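The next block holds one structure in the form of structure tokens; read it before the comments.
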Amino acid sequence: NGGRQILKLSLETLTPTHIGCGETYSPYSDFIYDIEEKALHILDFQRIIQDFGEKVWIDQYVNQVKQKQNEYSLIKLIDELGKLYEDFYFEDYIIKSLSLNESPKAQGINRTLHSAGNPFIPGSSLKGAIRTALYWCENKNETLFFKNKDTGQSLFGSFGDDQMKYLLVSDTDLIQEP
């Protein structure tokens, strides 16, 4: 193995961790909050359109959203579809449900980086966290390290000779959601 030592480590996060993928769940097409169940339901809106996509209600809904009429929401649309189509059950279109004590106030929810539907943490993010932790431990009594533009060269070496290049960190295993 070329003198390399391979270690398998388990790390436990001490605080919630979010690695975004640049996508956002929209309250207009991706999720609804069920007040009674205290649950956030992620919906497959494309499948709803595919199964019940009459142009009339789609256009009406899009126009209402464009006009920012707050009284017209995805949950209201779901209720209307339930009245229009006796075989429409929104539960059939739930991709995932999450317990949530209160309704999200944001205009959207940032999605987590994922593969095969499960979140994971890239090795580069883990390596960056390890590098930052080592640097902080070495310099915690110093003033803010960015002031003197030290990017870690004093501890790890200059670009090209950086000792962290010998630390190879792989992505986490896919994290199974509860």
Within the range 1-49, of all residues that are of a type in the set (A, V, I, L, M) and assigned to a helix (DSSP H, G or I), the one surrounded by the fewest Cβ atoms within 10 Å (Cβ to Cβ) is I49
Considering the range 62-82, residues that are over 28 Å from S99 (Cβ atoms) and modelled with pLDDT of 75 or more, and then whichever is most open to solvent (accessible area, probe 1.4 Å), we arrive at N63
Filtering the range 116-159 for residues that are at pLDDT below 85, under 16 Å from the mean Cα position of the chain (by Cα) and open to solvent by less than 60 Å² (accessible area, probe 1.4 Å) leaves a count of 2
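Taking D92, is it in a helix (DSSP H, G or I), modelled with pLDDT of 80 or more, acidic (D, E) and open to solvent by 50 Å² or more (accessible area, probe 1.4 Å)? Give the steps one after another, and end with the answer.
Working: in a helix (DSSP H, G or I): yes; modelled with pLDDT of 80 or more: yes; acidic (D, E): yes; open to solvent by 50 Å² or more (accessible area, probe 1.4 Å): yes.
Taking the combined requirement at face value, the residue satisfies it.
The values are calculated or read from the model by the stated rules, or taken from the named source; none is laboratory data. Computed from a predicted structure; not experimentally measured. Cβ coordinates were reconstructed from backbone atoms using ideal geometry, including for glycine residues, and neighbour counts include every protein chain displayed. Heads up: the accessible areas ignore ligands, DNA and RNA and are worked out on the full protein's heavy atoms, side chains in. Shrake-Rupley method; radii C 1.70, N 1.55, O 1.52, S 1.80 Å.
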